[in-house]
Amino acid sequence: MNNDYPKYYLYYSSIAYANQIRQSKKILINQDLNYEEVVLGKDATTVSLRAVTGRSTVPKIYIGGRWK
């Protein structure tokens, strides 16, 4: 992965649909994007996700601070 910015964030739950998570990771890796995984229940809570995004569904990919 390269070190270019903006940094990408992949938010997901450990109980979320595994196929969607794999597909999201694959897209980021195939594009050689530097990303950070944020696991709800471990790294963040659904309350904090809702405070930032207004939603609590996952997976979510943030690019340059914006949800895509």
Practice task
Kindly indicate whether any position in the stretch 47-63 is surrounded by 12 or more Cβ atoms within 10 Å (Cβ to Cβ), at pLDDT 80 or above, more than 11 Å from the chain's Cα centre (by Cα) and closer than 10 Å to TYR8 by Cβ.
Solution key: no
Practice task
Kindly check whether there is at least one residue in the stretch 22-40 that is modelled with pLDDT of 75 or more, part of a loop (DSSP other than H, G, I, E, B), among the aliphatic types (A, V, I, L, M) and surrounded by 16 or more Cβ atoms within 10 Å (Cβ to Cβ).
Solution key: yes
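The values are calculated or read from the model by the stated rules, or taken from the named source; none is laboratory data. Quick caveat: nothing in here was measured; it's all calculated off a predicted structure. All Cβ positions, even for glycine, are placed from backbone atoms using ideal geometry, and neighbour counts span all protein chains on display.
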